Amino acid sequence: MPSGAAVLGVDGCPGGWVGALVSGGSVTWHTGSFEQLLALPAHVVAVDIPIGLPAGPSRRAADLEARAALGAQRSSVFFVPPRVVLDATSQPEATLLSRAAGSVGVSIQTFHILDKVAEVDDLLRRRPDPRVVEVHPEVSLRRLGGRPLPPKRKLAGRTARLALLQTWLPTLALPSPLPGRARPDDCLDAVACAWSAARWLRGEADTLGDETDETGVPMRIIV
């Protein structure tokens with residue numbers, strides 16, 4: 001990264017968001033709302049949440065390309081449902097709204113992140129911020145390491161992810177105590193997001209998908 005530049009990787013966690021602010025090879029940890037994290041002095045903010053939502057049955061090219069990049073581990077990339085599901089108050093209602101828009105049902109896992117999708121979508125539509133890009137940690141880690149990793153919720157998976165990220169940040173360690181209500185895998189995902197943010201800042205990142213949604217917001221994943 002350019003001298004003095006900072007990048008922020010952001011991942012959702014219980015109760016809000018966890019951010020890894022990387023500057024000069026060191027990491028500081030932050031929690032709070034997405035709006036609060038945007039106030040940090042970062043040149044790029046890479047977040048693991050869909051940005052840019054389809055209006056109907058079409059799948060985002062970014063999601064299709066991300067799933068292809070992960071091969072057998074493609075299930076970690078959720079298909080982004082149409083924008084209308086943000087109005088749902090339950091998973092069955094989200095499924096009904098999605099199907100009415102010509103798409104498919106909404107999984108319980110996808111429903112549980114809709115509040116964070118809506119939080120980011122609302123903020124960026126009110127206050128567009130060119131620093132913010134969408135990433136997917138598993139795709140970033142695959143690009144960094146070149147091979148599949150064990151499941152992130154298991155010790156072997158966390159150990160492998162930490163070792164891989166230490167090839168970028170040699171002094172990286174999981175914070176103790178953990179920030180807020182973040183889990184170890186949330187923190188590692190935030191650092192993986194920051195890795196892609198640094199690549200974007202240097203002009204070296206790849207882009208999956210090249211579309212815009214009905215509001216003009218890019219639908220892309222940065223790697």
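For region 142-181, report the translational diffusion coefficient in µm²/s to the nearest whole number, using Stokes-Einstein at 10 °C, 1.306 mPa s, and a Kirkwood Rh over Cα pairs. Translational D for this selection: 143 µm²/s. Dividing the alpha-carbon radius of gyration of the chain by the rule-of-thumb value 2.2 N^0.38 Å gives 0.97.
Here is how the number arises for the chain: DSSP H runs of 4 or more residues each give -39500 (n - 2.57), the sum is divided by the residue count, and the result at 222 nm is -10500 deg cm²/dmol. This ranking places C13, C193, C187 by how few other beta-carbon atoms lie within 10 Å of each, fewest first, which gives C13, C187, C193. Quick one: work out the % antiparallel among DSSP beta bridges in the chain, nearest 5. The antiparallel proportion sits near 75 percent. Given a Förster radius of 45 Å and the C-beta distance between D129 and A72 as r, what FRET efficiency does 1/(1 + (r/R0)^6) yield to the nearest 0.05? The computed FRET efficiency comes out at 0.80. Helix 184-201 and the longest principal axis of the C-alpha atoms of the chain enclose an angle of approximately 90°.
Listed by Cβ neighbour count within 10 Å, with the fewest neighbours leading, E204, E211 appear as E204, E211.
Label separation (I108 vs L174): 2.6 nm, computed from points 7 Å beyond Cα along the C-beta direction. Projected label points at R59 and E211, each 7 Å from Cα along the beta carbon direction, are separated by 1.1 nanometres. Exposure proxy ranking for D11, D122, D213, based on other Cβ atoms within 10 angstrom of each Cβ and starting from the fewest, stands as D122, D213, D11. Scattering from region 133-223 was approximated by placing one identical point on each alpha carbon and applying the Debye formula without solvent; log10 I(q)/I(0) at 0.11, 0.14, 0.16, 0.22 1/Å stands at -0.35, -0.54, -0.68, -1.09. Put simply, the Cα atoms of region 29-120 extend 42, 33, 20 Å along their principal axes, the longest span coming first. In region 82-223, a dipole from Cβ-located charges (positive for Lys and Arg, negative for Asp and Glu) runs towards its positive end, and of P184, A160, S90 it is A160 whose Cα lies farthest in that direction. Of the options L172, M219, T207, report the single residue whose Cα projects farthest towards the positive end of the charge dipole of the chain (beta-carbon charges: Lys, Arg +1; Asp, Glu -1). Positive-most Cα among the choices belongs to L172. Average 1/r across all pairs of distinct alpha carbons in region 67-120, invert it, and you get the Kirkwood radius: 11.6 Å. Normalising by the residue count of region 1-111, find the relative contact order in percent from Cα pairs under 8 Å and 6+ residues apart. Computed value for region 1-111: 18 percent relative contact order.
Under 8 Å for C-alpha pairs, at least 6 residues apart: give me the relative contact order for region 149-223, rounded to a whole percent.
Relative contact order of region 149-223: 20 percent.
Dividing the mean sequence gap of close Cα pairs (under 8 Å, 6+ apart) by how many residues the chain holds gives a relative contact order of 31 percent.
Label positions at E204 and F79, each projected 7 Å from the Cα along the C-beta direction, are separated by 3.5 nm. Estimated at 0.36 nm per residue, the fully extended path between D115 and T167 surpasses their Cα-Cα distance by 15.3 nm. Taking all Cα-Cα distances within region 101-171, those exceeding 16 Å account for 67%.
All of the numbers you see were taken from the coordinates with simple rules; none came from a lab. Treat the numbers as computed from the prediction; the structure is a model and nothing was measured. Don't worry about glycine lacking a Cβ; one is built from the backbone with ideal geometry, like all the others, and counts go over all protein chains shown.
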